[in-house]
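Read through the structure below, which is laid out as C-alpha cells, and then see the notes.
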Amino acid sequence: MGPAVIAAFFAAAAAPTFSHDIAPLVYRRCATCHHGGGVAPFPLLTYREVARHAGQIATVTAKRYMPPWLPTAPHFQHEMKLTPGEIAMFGKWAAEGAPEGNPREEPKAPVFAEGWTLGKPDLEAEMPATFTVPAEGLDVYQCFVIRAPSPRAHWVRAIDIRPGNPKVVHHVILFQDISGTARQRDRGSGYPCFGTPGFLPARGLGGWTPGALPFVSPEGIPELLHANADLVLQVHYHPSGRVETDRTRLAIYYTPQPPKRRMMDIPFTSTRIDIPPGDAAYKVTDHFTVPVDVDAIGVIPHAHYVCRRMYAYAVLPDGTRRTLLSIPNWDFNWQGQYRYAAPIRLPADTRIEMEFTYDNSAANPRNPNQPPARVRYGPGTKDEMAGLHLQVVAVDPADEEELSNTLWGRMIRAQMGR
Ligand code: HEC
C-alpha cells in the first residue's frame with residue numbers, strides 16, 4: 001500500500017458521510033421498520049430524516065436498543081444486529097455533525113412493495129372482520145379465527161403475514177386448531193388470548209415481527225396443515241395514541257413434496273414459578289438429555305414481563321458446552337422465533353439445559369407491578385411463564401421413533417409430577 005492509499009483509508013475512516021457510509025447501513029438495517037407505513041414512529045429514508053435524528057441514533061445503537069434484536073448468541077438467520085464497527089460509525093458520524101458527503105454516491109432508498117414477497121400464494125385469507133384498537137390503555141392480545149380455509153390437508157412450505165395496520169400490530173403468531181375450541185371461544189371479533197392461544201395441541205405455523213421476512217420452512221421439512229383446520233391469528237396490538245383499526249392478512253404457500261425428515265419439538269418449561277416481590281434473580285430450570293443424534297434447527301422462547309435473562313445450552317458427551325440461546329435482556333415486546341444460521345449437531349447423550357432468570361424488583365422497568373407483588377405461574381399479563389421450544393430433527397430418520405417415545409414419556413412423567 002502506498003502512502004496515498006493509506007492516507008485515503010484513514011480519511012475515509014475518520015469521516016463517515018451519509019452518502020458513502022450511513023445510507024447503505026440505514027437502508028439495510030433500519031428502513032424495514034423506519035418507512036412511511038412501517039412500525040417505527042418516523043422514517044429514515046433521506047439524508048434530512050436521518051441527520052435530524054443523528055444524536056439519538058448514536059445513543060440507541062450504542063445501547064443496542066435499536067435495531068431491536070434480543071439474542072446475543074449464537075448466530076441466527078436474518079439477524080438484525082450491528083457490528084461494533086457499525087455502532088462506532090454512527091457515533092462518529094453524529095460527533096462530526098452528520099456530514100452528507102457526495103450525494104451522487106448515495107444509494108437508492110429501498111422501496112417497500114405492496115404485494116406478497118414470495119409471489120401468488122396458494123391460500124390467502126384475512127381476519128373475518130376489522131378490529132378496533134383503542135387509543136390508549138394496556139396492550140391488546142386478541143386471537144382471530146379463520147374457519148377451515150382448506151378442505152384438504154397440505155404441506156406448507158412458507159407463510160407470510162401482512163399486518164393491516166403496522167402502526168399498532170406489534171407481532172403475530174399463526175396457529176392451526178383442529179380441536180374446534182377456538183371457534184367456540186370466538187365472539188365475532190375473536191377472543192382475548194395473552195400468551196397461549198387457549199387450545200391444544202397449539203401448533204404454530206410461523207409468525208411475524210416487524211422487519212421480518214416471510215417464514216420459510218427449512219428445506220425438506222414442511223409443516224402439515226390439517227384438512228379443515230381453523231387458522232388462528234394471535235395478534236399483539238400496541239395502542240398508538242389514536243383509535244386505529246386493523247385487518248391483518250396472511251398467505252400460505254404449499255409444496256407437493258412430503259417431508260424428508262420430521263421436525264420435532266423439545267419443550268422445556270417450569271410451572272413451579274412463585275416469585276417473591278423484590279427478588280431480582282429468581283431462577284427456574286429444566287433439562288433434557290437427547291437419546292439419539294439430532295440437529296437443532298431453531299428455538300422459540302416464551303416468558304412475560306418479569307423475565308430478564310434467558311439462557312439455554314447443551315453439554316455434549318465430550319464435555320463441550322454450546323450456547324443454544326442467550327438473551328441477557330429479554331423484552332416481551334420484541335419476542336421472536338429464531339432459526340439457527342446453521343443446524344447445531346447434538347450427539348446422543350447431550351444434556352440440554354434451560355435457565356430463565358426473573359427480576360421482580362422495582363428496578364426492572366418492565367415489571368407490571370409497581371410496587372412489586374408476588375408473581376406466580378399463569379397465562380395473564382401479570383403472571384409469568386417459562387417456555388422454550390427447541391426444534392430438532394433426528395440425524396438418522398430411523399431414530400425418529402425413539403426420540404418421539406422418549407419425549408412422550410417425559411411429558412407423561414411431567415404431568416404426573418404436577
Ligand atoms: C424491527 C423494527 C425496527 C428496526 C429494524 C429499527 N427500528 Fe428503530 N424503532 C422501531 C420502533 C417500533 C420504535 C418506536 C418504539 C420504541 O422506541 O421502542 C423505534 C424507535 C427508534 C428511535 C427512537 C428511540 C427513542 O428513544 O424514542 C430511534 C432513534 C431509532 N428507532 C433508530 C433506529 C435505527 C438507527 C435503526 C437501524 C440501525 C433502527 N431504529 C431499526 C422499530 C425498528
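The values are calculated or read from the model by the stated rules, or taken from the named source; none is laboratory data. Computed from a predicted model, the values in this text were never measured in an experiment. So basically every Cβ, Gly included, is an ideal-geometry build from the backbone, and we count neighbours across all protein chains shown. Note: areas computed on protein heavy atoms with side chains; ligands, DNA, RNA excluded. Shrake-Rupley method; radii C 1.70, N 1.55, O 1.52, S 1.80 Å.
The set of residues in segment 28-50 being outside any loop (DSSP other than H, G, I, E, B) and in contact with a helix residue (DSSP H, G or I) (Cβ under 7 Å, 6 or more places away or on another chain) consists of Tyr47, Val50. A single member of Gly85, Gly36 is more than 10 Å from the ligand (Cβ to nearest atom), closer than 19 Å to Pro210 by Cα and surrounded by fewer than 18 Cβ atoms within 10 Å (Cβ to Cβ), and it is Gly36.
Scanning segment 170-181 for residues that are open to solvent by 20 Å² or more (accessible area, probe 1.4 Å) and of a type in the set (A, V, I, L, M) turns up Ile173, Ile178. Restricting attention to segment 71-88, the residues that are closer than 29 Å to Leu390 by Cα, touching a helix residue (DSSP H, G or I) at 6+ places or on another chain (Cβ under 7 Å) and not in a loop (DSSP other than H, G, I, E, B) add up to 0. Candidates Ala229, Ala280, Ala314, Ala251: the one that is buried (at least 18 other Cβ atoms within 10 Å of the Cβ), in contact (Cβ under 8 Å) with a residue 12 or more places away in the chain and assigned by TED's automatic domain parsing to the domain that holds Tyr340 is Ala314.
For segment 166-224, filtering for residues that are among the polar types (S, T, N, Q) and in a strand (DSSP E or B) leaves 1.
The set of residues in segment 117-146 being open to solvent by less than 40 Å² (accessible area, probe 1.4 Å), more than 18 Å from Tyr253 (Cβ to Cβ) and part of a strand (DSSP E or B) consists of Phe131, Val133, Val140, Tyr141, Gln142, Cys143, Phe144, Val145. A Cβ distance below 6 Å, combined with a sequence gap of six or more or placement on separate chains, defines the contacts here; from segment 29-57, residues that are of a type in the set (Val, Ile, Thr) reach residues that are near the ligand (Cβ under 6 Å from one of its atoms) and outside any helix (DSSP H, G or I) in the pairs Thr32/Gly211; Val39/Cys33; Val39/Pro210.
Residues in segment 182-214 that are open to solvent by 70 Å² or more (accessible area, probe 1.4 Å) and within 16 Å of the ligand (Cβ to nearest atom): Leu213 alone.
Conditions tested, residue by residue: (1) assigned by TED's automatic domain parsing to the domain that holds His236; (2) polar (S, T, N, Q).
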{"site": "Thr72", "(1), (2)": "no, yes"}
{"site": "Gln77", "(1), (2)": "no, yes"}
{"site": "Met80", "(1), (2)": "no, no"}
{"site": "Phe90", "(1), (2)": "no, no"}
{"site": "Ala94", "(1), (2)": "no, no"}
{"site": "Ala113", "(1), (2)": "no, no"}
{"site": "Leu118", "(1), (2)": "no, no"}
{"site": "Pro128", "(1), (2)": "yes, no"}
{"site": "Val133", "(1), (2)": "yes, no"}
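Among residues of segment 388-399 that are on the phi > 0 side of the Ramachandran plot, none has a Cβ under 9 angstrom from a residue that is surrounded by fewer than 17 Cβ atoms within 10 Å (Cβ to Cβ) at a sequence gap of 6+ or on a separate chain.
Quick grid of which residues meet (1) under 23 Å from the mean Cα position of the chain (by Cα); (2) small (Gly, Ala, Ser):
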| site | (1), (2) |
| --- | --- |
| Glu106 | no, no |
| Thr132 | no, no |
| Arg152 | no, no |
| Ala158 | yes, yes |
| Leu213 | yes, no |
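If only residues of segment 39-65 that are at pLDDT below 95 and near the ligand (Cβ under 6 Å from one of its atoms) are counted, the one that is least open to solvent (accessible area, probe 1.4 Å) is Ala40. Just one residue in the set Phe18, Phe90, Phe76 is more than 14 Å from the ligand (Cβ to nearest atom) and buried (at least 17 other Cβ atoms within 10 Å of the Cβ); that residue is Phe76.
Yes/no matrix, rows are residues, columns are (1) at pLDDT 90 or above; (2) out of contact with any Leu (no Cβ under 8 Å at 6 or more places or on another chain); (3) of a type in the set (Lys, Arg); (4) not assigned by TED's automatic domain parsing to the domain that holds Arg247:
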{"position": "Asn165", "(1), (2), (3), (4)": "yes, yes, no, no"}
{"position": "His171", "(1), (2), (3), (4)": "no, yes, no, no"}
{"position": "Leu174", "(1), (2), (3), (4)": "yes, no, no, no"}
{"position": "Ile178", "(1), (2), (3), (4)": "yes, yes, no, no"}
{"position": "Ala182", "(1), (2), (3), (4)": "yes, yes, no, no"}
{"position": "Gly188", "(1), (2), (3), (4)": "no, yes, no, no"}
{"position": "Pro192", "(1), (2), (3), (4)": "yes, yes, no, no"}
{"position": "Thr196", "(1), (2), (3), (4)": "no, yes, no, no"}
{"position": "Phe199", "(1), (2), (3), (4)": "no, yes, no, no"}
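Out of Pro68, Pro149, Pro99, which single residue is assigned by TED's automatic domain parsing to the domain that holds Val39, assigned to a loop (DSSP other than H, G, I, E, B), more than 16 Å from the ligand (Cβ to nearest atom) and not charged (D, E, K, R)? None of the other options fit; the residue is Pro99. Of the residues examined, Arg374 is one that is charged (D, E, K, R) and open to solvent by 80 Å² or more (accessible area, probe 1.4 Å).
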